[in-house]
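Read through the structure below, which is laid out as structure tokens, and then see the notes.
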Amino acid sequence: MRSSATPATEPRGIPVRTILLGVAGVMLVALGGSGAGAVVKRDPLLAATSLSWIRYGHGQDLATAVLYLGLALVVWSWVRLGRMVLRGHVGSRAVLAAVGAWTLPLLFAPPLFSKDIYSYLAQGQLALNGLDPYQVGPAVLQSPLSDNVSWVWQNTPAPYGPLFVLLSEGVVWLTGGSVIGGVVLLRLVLVVGLALVCWSLPGLARHLGGKPAVALWFAAANPLVLVHLIGGAHNDMLMVGLMAAGVLLVLDGRHVAGIVLVTLGVAVKATAAVALPFLVLVWAARTEGPRRAAIGRAIGRGVAVFAVVFTATSVIAGRDLGWLPALSTSSMIVNWLSLPSAVGDLAHTLVTVFVHLDQGVFLTVARGIGSALLVFIAWRQWRAAEDGGPNAVFRAAVTMLAVALLSPATLPWYFTWPLVLGAGLAWTASGLTTVAFFSTWLLLVTFPNGDTALYSWGYLLVAVLLSALAAVSLTKDDPLRLSGKP
């Protein structure tokens, strides 16, 4: 079964102008990012030229304007492409061409909207120098790589799996500790995840009742994915790619291979583990015998495959389970994308009007309730998916969305997890409009240098209005009637 094949009935035209519009957008984003992005402190490329002015004062303001103009063009081209896909004018081939064209300029851009890639490289350098990244933070290095790590994570151990630490170590070794070379090469590693997503989505759409071209537009060409996961260079890109490919293999009946790929996703970032219990149910549905016995055997086989693959990966990487305690370090982030953190912060603000109390108490209680609610939702979704099949993937996507919303800390790109898992479903036009709104809004709620914009209320209002315009434009050619045509 060739799950990644494109149906012969799909349109084969390529919307060149729309794709070039997006290319112009990502090139402007990359250009503006040289001054307004999460740039390195000492850039050897700009320091030797007369262009270093774009990182200061009015030069940085100009770079920021260029970057946001590029973002507008990227979103505009994505929405235009979406209209063509929904109307059946173009198919998967056109969307894949757009993904490739829009990704290429981002590979060589400075880090955008996040400094996390510097942490990845510094953790790889720790491992390369014989230090344990699960015990010490980048601050012990005192190197160009560690100098660029955000102050928040300077003394924080790595919360990532052994496979990703091994990959980061290899990148640092190949680039000789170069910051710019490391950024580019690690992005090329992450592009493997994007390629896996592009390969998986058409097959997932056929299993889940959706349309391949819509799924590819929905998740692979989405600016939230490209700008944040490739431009921002987050290891979530590799994790979701392995997870999506593993889910497809399981649905295709290749259960062991699918579990292997999802386990490798866990060895990159722990979030991929959410999909495993649901894939076990798909396996159990194809196992002979009474239902409970079949589920028991599938769980046993799944656990065995996971244990063998994860242990082998850890041994090859030379790492232990020290990264699991470090998973809690993300709780240092407090923003209202996490519903429990939002509730705790709001309760603290209201109570402080009358009496001064420590914020930590409110956050701890609210996050504890959120974690309990998450466990309850995950359990209910798993029980609802006991029949296995495509419904199990839908339930896994719902659970992944709950993880993003109810975790103690949430960042905008966390919502790409359910986005990819659910892209193959049969979406209605109103559902796609909603996705277009939130994808655009989540793209904008972080400033280009990596700082959060979630407390800049005037900026957020503008972001909401622009996101609403993007959403409405998905089904209407000219919602503002700017063309003057009736």
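The values are calculated or read from the model by the stated rules, or taken from the named source; none is laboratory data. Model, not experiment: these values are computed from the prediction. Here the Cβ positions follow ideal geometry from the backbone for every residue, glycine too, while neighbour counts run over all protein chains shown. Accessible surface areas use protein heavy atoms only, side chains included; no ligands, DNA or RNA. Shrake-Rupley method; radii C 1.70, N 1.55, O 1.52, S 1.80 Å.
Site pair Leu350 and Leu174 shows an inter-label distance of 5.3 nm when each label is modelled 7 Å from Cα along Cα→Cβ. In the assembled protein chains, Val149 presents an accessible area of approximately 10 Å² (probe radius 1.4 Å). Computed on protein heavy atoms with a 1.4 Å probe, the accessible areas place Trp336, Trp441 in the order Trp336, Trp441, largest first. Residues Lys269, Lys41, Lys476, sorted by accessible area with the largest first, give Lys41, Lys476, Lys269 [1.4 Å probe; ligands and nucleic acids excluded]. Mean sequence separation of contacting Cα pairs (under 8 Å, at least six apart), scaled by the length of the range 387-486, corresponds to a relative contact order of 23 percent.
By the gyration tensor of its Cα atoms, with a ≥ b ≥ c the square roots of the eigenvalues, what is the shape of the range 40-168: rounded for a/c under 1.5, prolate for a/b over b/c, or oblate? Oblate is the answer for the range 40-168, as a/c is 1.5 or above yet b/c matches or exceeds a/b. The calculated FRET efficiency for Val192 paired with Leu461, based on their beta-carbon distance and R0 = 30 Å, is about 0.20.
Dividing the radius of gyration of the alpha carbons in the range 373-418 by their Kirkwood radius gives 1.01 for Rg/Rh. In terms of its Cα atoms, the range 363-486 spans 54, 37, 21 Å along the principal axes, sorted from long to short. Note that the chain presents 42 Å² accessible area per residue, ligands and nucleic acids not counted, probe 1.4 Å. For the modelled label position 7 Å from the Cα of Asp477 along Cα-to-Cβ, which residues of the range 15-36 have backbone nitrogen atoms closer than 20 Å? Backbone N within reach: 15-22.
Here the range 157-265 is described by how far its Cα atoms reach on the three principal axes: 47, 31, 22 Å, from widest to narrowest. Relative protection proxy for 273-286, 380-393, from highest mean packing down: 273-286, 380-393 (other beta-carbon atoms within 10 angstrom). The amide H of Thr446, built 1.01 Å from its N in the peptide plane, has Ala453 as neighbours under 5 Å, considering only residues 5 or more places off or on other chains. When the accessible area of the chain is computed with all protein chains present and a 1.4 Å probe, what percentage of it is carbon and sulfur? Roughly 68 percent, rounded to a whole number.
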